[in-house]
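Everything below concerns the one structure shown next.
Throughout, read-outs are computed from the coordinates displayed, never taken from laboratory work. Predicted model only: the values in this text are computed from it and were never measured.
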Amino acid sequence: MARLERLGLPSRLFAALALVVCAGAGTLLAVALLIAPTAFDTHLRRSGAVDLTPGVLTHVDRAFTQATLISLTAAITVAIIAAGLIAWLIARRLAAPVAGLAAATTRIADGNYDTDLADPRLGPEFAALTRAVNQLGRKLATSEQTRRRLLADLGHELRTPIAALEATVEAITDGVLPVDEETLTTLADQASRLRRLSTDLESVSRAEERQLALHPQPARLADLARRAANALRPRYQAADVDLRTSADEPGPTVTVDHDRLVEALMNLLDNALRHTPPGGVVTVTTDWPDGGPARVTVVDTGEGFPPDRAAHLFERFYRTDPARGHSAAPPGHGPGRHGSGIGLTITQAIIRAHHGNVTAHSAGPGEGATFTVTLPATTPRRSGTDR
């Protein structure tokens with residue numbers, strides 16, 4: 001049994017096919033030897049050869065049996081050789097892609113995700129398996145790149161407040177800075193930044209894992225959008241950015257967690273503020289096109305982004321300009337609620353937890369940006385006017 005267990009797939013396939021051929025050959029030989037002599041004797045008697053002596057009949061029977069046996073043995077031997085050759089070729093043909101898949105998965109397990117297996121052309125099952133392994137390699141490669149960038153960006157985000165804390169504490173220790181209200185405020189600000197970063201990371205992790213504690217209740221989408229806009233309006237006024245709202249009346253009703261959805265919309269508005277220069281305009285619109293999903297659109301006249309980077313905006317710590325940190329806001333702008341760079345990631349996770357979607361669009365740098373949130377509506381469409 002131990003030797004059989006050590007046999008490879010080609011040997012196992014060849015042995016299985018050889019057993020099938022041998023079983024068929026043995027069955028053919030046994031049946032022929034049992035039936036052929038009786039059938040021959042019957043036909044011989046019906047031919048009218050009644051004057052044959054018993055000795056002649058015995059000799060004829062033996063000659064027929066031997067001729068049949070020799071012919072069948074020769075034919076079966078040739079058939080077994082041909083079948084064995086075909087079985088060997090089939091076994092090799094089937095074993096080669098399996099070995100390739102095993103080698104590819106081993107490389108993936110070792111951290112080499114550059115896998116591009118060709119279709120072995122052995123049917124839809126092998127084709128599907130090959131595509132699955134290739135897709136697994138690509139997704140793992142993307143995840144590894146995201147992980148490395150996440151760690152690098154996380155280190156970058158942590159480095160600034162930690163360095164500021166170290167410098168302030170060292171200055172206090174050396175007597176350069178007095179322990180006054182301004183110094184304590186600086187320490188509190190940097191500690192708050194670290195706390196906010198850790199809280200944001202926990203929030204986005206829970207949201208992406210669908211572990212958010214949601215308490216959905218019906219609400220008019222326009223009311224939630226105005227609530228988010230009103231919460232940030234003072235900051236917009238301080239930054240000299242015009243914040244406008246527009247809504248269908250009475251508009252759609254959605255069943256959502258009010259606080260979570262307002263948080264998601266505030267993240268979008270915060271992102272628009274940080275990327276819109278003084279004198280710019282940000283418009284929040286709620287509507288219900290064609291009676292389909294309810295929609296909230298945030299349009300700004302800010303710096304925009306390359307169209308091909310729209311999908312990446314919702315990744316953790318993604319920057320449209322890698323050379324610019326999150327703290328490099330336009331003049332007159334303070335750091336946003338999510339200067340950590342994961343506000344849009346949290347927004348996407350919250351919206352998806354409500355079975356909705358959020359997308360981004362821009363015609364290019366300097367052309368502004370549009371973020372669109374769609375959510376399932378829970379009320380029939382009613383006519384209304386824009387305000």
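Over all distinct alpha-carbon pairs, what is the Kirkwood Rh of the range 71-115 in angstrom?
Values: mean 1/r = 0.0769 Å⁻¹.
One over the average 1/r among Cα pairs gives 13.0 Å for the range 71-115.
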Wrap a convex hull around the Cα atoms of the range 91-132, take a quarter of its surface area, and give that in square nanometres. 2.8
